[in-house]
1. Could you tell me which of rounded, prolate or oblate describes region 54-186, using a ≥ b ≥ c as the square roots of the eigenvalues of the alpha-carbon gyration tensor, with rounded for a/c under 1.5 and, failing that, prolate when a/b is larger than b/c and oblate otherwise?
2. According to the Cα gyration tensor, what semi-axes, each the square root of 5 times an eigenvalue, does the equivalent ellipsoid of region 138-178 have, listed from largest to smallest in whole Å?
3. As an exercise, identify the trypsin sites (Lys or Arg not before Pro) in region 42-71 lying in DSSP coil whose Cβ has no more than 13 other Cβ atoms within 10 Å.
4. Can you find, among Thr45, Val7, Ser18, the residue farthest towards the positive end of the dipole of region 1-133? Put +1 on the C-beta of Lys and Arg, -1 on that of Asp and Glu.
5. Using +1 at the C-beta of Lys and Arg and -1 at the C-beta of Asp and Glu, which of Val222, Val281, Val108 has the Cα lying farthest in the positive direction of the dipole of the chain?
6. With a sphere of radius 10 Å drawn around the Cβ of Ser119, what net charge do the other residues whose Cβ falls strictly inside it have (Lys, Arg +1; Asp, Glu -1)?
7. In whole Å, largest first, what are the principal axis extents of the Cα atoms in the chain?
8. Count charges around Arg265 for me, please; just the other residues with Cβ under 15 Å from its Cβ, Lys/Arg as +1, Asp/Glu as -1.
Amino acid sequence: MLGRSAVRVTPLALGCASIGNLYHPVTDEAALATVEAAWEAGIRTFDTAPHYGLGLSERRLGAALRGRPRDTYTLSTKVGRLLVPDPAGGAGDDLAHGFAVPATHRRVWDFTADGVRRSLAASLERLGVDRIDVALLHDPDDHAEQALREAYPALERLRAEGVVGAIGVGMNQAALPARFLRETDIDVVLLAGRYTLLDQDGLAELLPEAAARGRSVIIGGVFNSGLLTAPRPGATYDYAPAPPPVLDRALRLLAVSERHGVPLRAAALRFPFGHPAVASVLTGAHSADQVRDTVEQLRHPIPDALWDDLRAERLLAPGVPVPVSG
């Protein structure tokens, strides 16, 4: 369950930015196969957003789930960016925002109560469903006060009305979500990139706060935008080339994991589950093969000695919780 809500999530969730043509095009057929592979692997939690491909991710996810009983899966989307038709009609592309789609719309930040309702109504239409299980405030970094004063109360009312099952915030930083945990009654935080083998910033405040208050955390970005899948010069960390000290740390993590016969991405996937507040790990995929590989890595046995060696080499601090095998 997410926090005190009745919303269930699977340990592994599929992030659907990639099927919204994140960085490069994905065909409709490949997007459908990606979602089907996740379903066949037992994944029943799917996360999307209007931002992803200017609505393409939501449309493709809705099409892939159509025909499946609505109460058999958990659907998460986000609010905070409204999609407004572009007068140019898609003459350009959206690669400046990371998506290989025609720029048919532009994004308008809107954390008003009306904006929240309009965003969810549009998402329901694109997804082709009658309800959203989890609604998240999406990246309110520069709109914190409005999100707290206007958007959050709107989500709270929608939860009370039964329009959504759980509410929360999704961000790439830990400080503001920790404030939401203290000042609001959100159920969940989607924290991307800030609780990984490379970066445990979320452990300073957010994760203990969530655990103490009975709230849940979903961890995204466990590979830190690619560095922990294959550490090498030129690999990306936080969507930019990894700085030398970060690359060196990733290579040391790789050496320890290889010494134990464990792929680094398997250790990276398993690591967040050591904290009791973590309910699920969210990963994206461009293809069915990537989904199947992720599932295989999560199932890979990891000996307790691996975590011990990471601590011994000061790659993990003594107080960082780790999963226990068995």
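1. Oblate shape, in that a/c is at least 1.5 and b/c is the bigger or equal ratio.
2. In descending order, the three semi-axes are 20, 11, 7 Å.
3. Taking region 42-71 and a limit of 13 other Cβ atoms within 10 Å, the loop trypsin sites (Lys or Arg not before Pro) found are Arg66.
4. The Cα lying farthest towards the positive end belongs to Val7.
5. So the residue we want is Val281.
6. For residues surrounding Ser119, the net value is +2.
7. 55, 41, 38
8. Net local charge, Arg265 excluded: 0.
The values are calculated or read from the model by the stated rules, or taken from the named source; none is laboratory data. From a predicted model like this one, the values you see are computed outputs, not experimental measurements. We place every Cβ from the backbone using ideal geometry, glycine too, and count neighbours over all the protein chains shown. The area values use the complete protein model at the heavy-atom level, side chains included, leaving out ligands, DNA and RNA. Shrake-Rupley method; radii C 1.70, N 1.55, O 1.52, S 1.80 Å.
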